[in-house]
Every structure is written in structure tokens, then in C-alpha cells.
Amino acid sequence: IYQGERIVNWCPRCKSTLADDEVDYRAQTAKIYTFKYDTNFPFSIATTRPETKLGDTAVAVNPKDDRYAQYIGQEFDVDFCGAKLKIKIIADYNVEMEFGTGALGVTPAHSMVDWQMAEKNNLEIKKVINEDGQIYNTNTPYDGLDVIVARKQIVEKLKEKGLLEKEEEMPNNLSVCYRCSSPIEPLPSQQWFVAVDKPLQKLGNKSLKARALEQATEKNINFYPDRFTKKYSDWMNNLHDWCISRQIWFGHQIPVWYKDKAILVSETAPTESGWTQDPDTLDTWFSSAIWTFSTLGWPDNFINGQKTGDLAKFHPTQVLETGYEILTLWVSRMIMMSLFAVGEIPFKDVYLHGMVLDQNGKKMSKSKGNGIDPLDVIAKFGCDAVRLSLLYGTTPGNDQRLGEDKIASNRNFVNKLWNISRYIISSIDEKYLSSTETAWPAAKTLADDWILSQLSQTGKRVDTYLTNYEFSLAVDALNDFTWDKLADWYLEIAKIEKDKDAILAYILKTILKLWHPFIPYVTEVIWQNLNQLKLLLVETWPTIAQPEYQAKNNEADFNFIQEIISAIRNARAENKIGPAKKIKATICAPEKSELIAANKGIIAGLKTGIIELTVQLSIKVNDIKVADSIFIPLEKNEIYLLGAKDEAKDKERLAKEKVNLEKVIAALESKLNNAEFTAKAPAQIVEAEQAKLANYRLELQKISNL
């Protein structure tokens, strides 16, 4: 940390410096003026701020620009609107030959770029704008004028003298203060800085900036999503010395005292009289930058490079979660300060979330009245619903929309989980609920095999998603299992097939554990209703490993049973067969008759309205029962809903199905006729597509033959 005079971002309204990250940018249309300093100057320059030219000490041109090569190194005495200037022509490869006139007026005191040119070329630095945003120290009539007023008068003077060649409008980003939106003035000021480019012995003769950059390039710190690694690296590469002093009341006062020409830097205030403390305060991001270790007892528990106490126990942490908008303001600086103070990174992973916008994608604002008060929606929908709404349907690093409709939808899911749990608790023996047994229960039926396999797969997916900080995908996987597989299928089957207490208890306990990080309150309450001894909060995370279930072909078999049930339900709906009408059905299954027969109870009992189900290997087309039946083709199998046929409706349904099949077949044929697909796709994928095509053709043939 050093004190020096450098160009800073100054807010004339707040009377304080700002860090580069605290400067906002406002799109505007600005005027660019092309003119000569005076009649004796050999060429023109262009600028959007002619008032700053009162402090010019040079003009920079590209050494490759033949228009100005002859002038490089020359000096010109000019009278610019009453200001006596000595202008030196310097060469700089960074000057854009195509922009404006290709000649850049250099104002070292009021541009960071120009300041660097001045240091390189040993130019005079002349400050002509003061801390009030007024022209001063020019010995011209413009002294004391606001910069905008001075600009207008200077433009008029240039016109009057015939020096203004043209003025054009151009898009421009105006630098403004993040607090008050006033235009920022770059100007030299005596401030306190952190030297980010200075090699330091304690960092292996590397600078703060270099060491912080290494953490990203060497993957010691990982950013989620990964695209922010580039943003972090780009910002670090372009980082200048960090101005940490602020001219504001609220903040840590700088621990420096002055007495005459003496300067004292101390942790404690001097006791002798006559000392005056530096009136400035530290940048709030400086104090925030030391947060990871200062909150853990540093420096008292960091002696001779060794950590003790809380610092040793909790530093570094695993994950930092914060908004992407303060990646440079806070995250990058915590990394630098931690490397310097305790010699290690502060965290291993950085998860960056987006901004929460209103339901129309607008930034929430008190003045616009489009904000959501968390306390209000928590009271209305519950804390879990609000929490889930902030996690579900979001992508790391991207902004998200939030409205009451989304929160209400997630409230409905929380209610669904409550009702599922209440049903299971009321339906099974209490001993299974209060048991602390963690072994997987035995599966006795195809449905048992299937649901336990689905639970195993869901748990593994959730583990993977959480490891990768893909919280929305984890919620999606849990939602799919809880609602679609457990509630819609297995709980309905459990009403038909008996002896499922152990499995239902195990599933309930497992999903409560998996859901707990996302909706902790309702899951904890449900858990207490299981008469468990420990809080769910401190329960062991479920270990998901059930290879014997996954090794079986249960998923394909159960999916086939689901397809039969769905096909019957759809046919009843399309033919407007009311739920009260019970019908008989025959399924012709040349290859899967045993599977269907073993699950007749499920097929008949899951809202299909089947009162009698017959399974056979083949069926005669002229059978009287077939003639008045609704026919449903299903791959190599045939389903007949006996005595339920409405000729007109069935004909319409089959016509639609034929059209759909023809579209699917055409798409598959096109895919398989694509030489690039068949050459690059794995053989098993091509074979699977060919098998699907054969089945669809068989279904189409059966419909066409009716």
C-alpha cells in the first residue's frame, strides 16, 4: 500500500474517488468536434471534450501514419482559445489512424490512457479541471466555469476563429458515478493505492495480480459457470493499481496520522498531542476483501505463517456463492488479499448466480414498484416455495425471472410432497417409519424393482448435479421422480399390490433427505412425523448404490406395461368412453404374454376401466369380439378393447394415428438414409433407430390392413 498522485475516477457531486468497478456507463449520443488548436498548428485533432484541450501537452500519432510522420518529435507553441500551450508531437502505436483525424490530443491530467503516455514520454501534467468539476488554472475566461458550460463557450470561440472544421454525432458511453449517476471526471489526486504490479518477496517475487491470475489458469480456483474464468482473467490482466481511499464518512478510517512532515502508520492512535488522522476512509471493497480471514481471528491466530484456531479449521472454504456483478469488485480482491495475508486461496469454487428480475424480465426497483418483498411472499406461499422458486428453472450465471405465478406453482409442489408423505405415513406400519435401518428393502414385484431402480438413478443424478452446482437440474430430477414416478405410478400401484410398507418407508426417508437442501422446512416437519431421533438437518446424506436393481431389465419391462396402460387410457379418451363404463380387453402379445399376465392387476387397476383382461399369443381376425373392438397397435403387440367400438370415432382415431406414423417413419427413413449419420453414429444407435423404424412400419401395416 502506498500514497501517491495518480489519475483517479472522481465524482464532483460526491466529492470522492471511485474504483474502476464502481463506474457505471450510460449510453448516449455525443458530439465529436474536429478542429485545429490555432491557425499555426499544422493539422487537426478530434475530440468529444474540447474543454480538456486546455490541458493538452502533446498530440499522439501512429508512427505508421504517413500524414504525420514528418512532425514526430517537433514542438509547437499554440494559443488555444486564450490558453498558451506547448504541444509536442509524439509517436504511439496504440493511436487508431482511422478514428477521427488519426491525431490524438494528449491531456495527461484527465485521461488514464493519456497519463500513461505522459509517463512514457516524460510529458508535463497540467491539471485544468478541479474537484468541483470546474475549469481552473488555465488563465483564461473559462476558469471557474462548469465543464459543460466551458465546452459550449470553447466551441463557439473555435467557430468564431474559423478553427472548427466539423461536428458530428456519434454513440458514446458516458462514465457516471454508481451512487448518483453524475459524470465522472478523471483527474490526478493524492490517494492511497494497492500496488498490484509490484513483485513481492512473500509472493515468490510475483505481483498480487500475477499470483491471482495463476489461481484461475492453474485451476486452483474454479468458476461456475466456466465462462466467468475468462472475465476474471481479462479483468486481472487489465488491472491497474487499486485506489483504496475514499472521501466519505462511512467506512474504516485509514490508520495513518500526520504531524508536521512526520507520518505515522499504526494499529493504535498516537497518545501524544499534535497528530491528525488521515481524513479518508478505506474503500468498502478493501475491508470486504479481507473478510475470509479477518472474520476467523486473523492476524492473532496467524503466527509465523502458521494458522491456528478457526482460521486453521475453516480457511480456505470450499465454495463461495455470490452474484456475477461483484466478481471483479469482491471476488477477485478476496483472492489477492488472501494470497497476500495468509498465503493461500480463500475458496476453491466460486458459484456465480444471476440477477433476480421481475416476471417481465425487468430489474426490480422500488421506484417502479415491481419488486417482490420476500417477507410478503413467504407469508403468502411459504419459505420453501420462495426458496425453490429461486433454485428451479435457473441457469448458473444467468439472470432469472421471478413472479408470484412461479412461486405459487412451487407452493403447489411443496403441498404435493406434503400430501404424498401424509398418505404414506397413514398407510404403512409405524415401525417402518421410525426404523433407522438404512439397507435397501427387498423388491418383490416388477413395480418394486422399477421404483427402486428409479430412486437409485435419481439419487446418483442429484449427487452429480450438486457436485457440478447444477441446482436446477437436481431439482428437476427430484421433481420428476417424486411427482411423475412415485405419485403418478408407484403410489397408485401400491393401492393394488400389497406388502410395500418397507419400500414406501425407505423411499419417503430417502426423498426427504434428497429434498432437504432445497426445501428444508417442510421436509424437517415431515421427518419429525416419522418419529426419528435425529433432526433431518444432521442426518447422513443417502448413499445411492443398488447395482442389482440396475442390472435387471426391469426398466424396459415396466415401461412396456406403462405404454399399455397409457395406450388404453388414450383410446378411451379419444373415443369418449366415460370412466364409469367398464370394458373387457384382449391383448395379443407374441413375445411378452408372460410379462403382461404377471401384471394384469396393474393394467386393469390403473384407471383403464378394464374389468376382465385376456392375454394370448395370437388372435383370429374374424373373431366376433375383434370385429366390434377398438384396435390399438403397440409395436409387435395388439390391444383390443372389446365391445367399445364407435365406428366413426375409431376410424377418425386410426386415420390420425396413421398420419402420425407416416411422419415418424419418414423422419426415421431420412435419418437412416443420411450417410453422414450412419457413418459417424455409434453402431448401437443406428441399430436402435433401425429397430424403431421396423416397429413403426409394422404398426402402420396393421392399421392399413384394417
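Couple of notes before you dig in:
- Treating r as the C-beta distance of T543 and D480 and R0 as 25 Å, the FRET efficiency rounds to 0.75.
- For V196, residues with placed amide H under 5 Å, excluding near neighbours: D241, W242
- Rounded, prolate or oblate (a/c below 1.5 giving rounded, otherwise prolate when a/b exceeds b/c) for segment 417-533 by Cα gyration tensor: oblate
- In terms of Cα atoms, the Rg and Dmax of the chain work out to 37.5, 116 Å.
- Global geometry of segment 654-706, whether rounded, prolate or oblate, following the gyration tensor of its Cα atoms and the 1.5 cut on a/c: prolate
- Extension gain for L264-A30 works out to 79.5 nm (0.36 nm per residue, less the C-alpha to C-alpha distance).
- Residue separation of W418 and K313 scaled by 0.36 nm, minus their Cα-Cα distance, works out to 34.0 nm of gained length.
- Computed from the C-beta positions of K495 and A666, the FRET efficiency with R₀ = 56 Å rounds to 0.85.
- Dipole-positive endmost among T308, N410, L200 within the chain (Cβ charges, Cα centre): N410
- 3J(HN,Hα) along segment 364-370, derived from phi through the Karplus expression 6.51 cos²θ - 1.76 cosθ + 1.60 where θ = phi - 60°, amounts to 5, 8, 5, 5, 7, x, 9 Hz, with x in place of Gly and Pro.
- Size of charge dipole - segment 109-205 - debye, nearest 20, with Cβ of Lys, Arg +1 and Asp, Glu -1, no other charges: 300 debye
- Among the trypsin sites (Lys or Arg not before Pro) within segment 324-388, those in coil by DSSP and having at most 16 neighbouring Cβ atoms inside 10 Å are K362, K366, K368.
- Among beta bridges from DSSP that stay inside the chain, the antiparallel ones total about 75%.
- Percent RCO, i.e. relative contact order, over the chain, from Cα pairs under 8 Å lying at least 6 residues apart: 8 percent
- Amide hydrogen proximity for A30: with H placed 1.01 Å from N in the peptide plane, the residues at 5 or more positions away or on another chain lying under 5 Å are M170, N172.
- Farthest positive-ward along segment 25-172 dipole, Cα basis, beta-carbon charges - from I45, V61, V95: I45
- Neighbourhood net charge (12 Å Cβ-Cβ; Lys/Arg +1, Asp/Glu -1) for W483: -2
- Sites T276 and A195, calculated FRET efficiency, Cβ-Cβ separation with R0 30 Å, nearest 0.05: 0.75
- Model label sites at C14 and E594, defined 7 Å from Cα along the beta-carbon direction, differ in position by 7.8 nm.
- Student exercise, the chain dipole from Lys, Arg, Asp, Glu Cβ charges, in Debye to nearest 20: 1460 debye
- Shape of segment 553-645, Cα gyration tensor, a/c cut at 1.5: oblate
- Each of N238 and R179 was given a label point 7 Å from its Cα along the Cα-to-Cβ line. The distance between the two points is 2.5 nm.
- Approximate spin-label separation K159-E124, in nm, with each point projected 7 Å along Cα-to-Cβ: 3.1 nm
Values quoted throughout were computed directly from the atomic coordinates according to the rules given, and no laboratory measurement underlies them. What you are looking at is a predicted structure, and each value in this text was computed from that prediction instead of being measured. All Cβ positions, glycine included, derive from the backbone under ideal geometry; neighbour counts span all protein chains shown.
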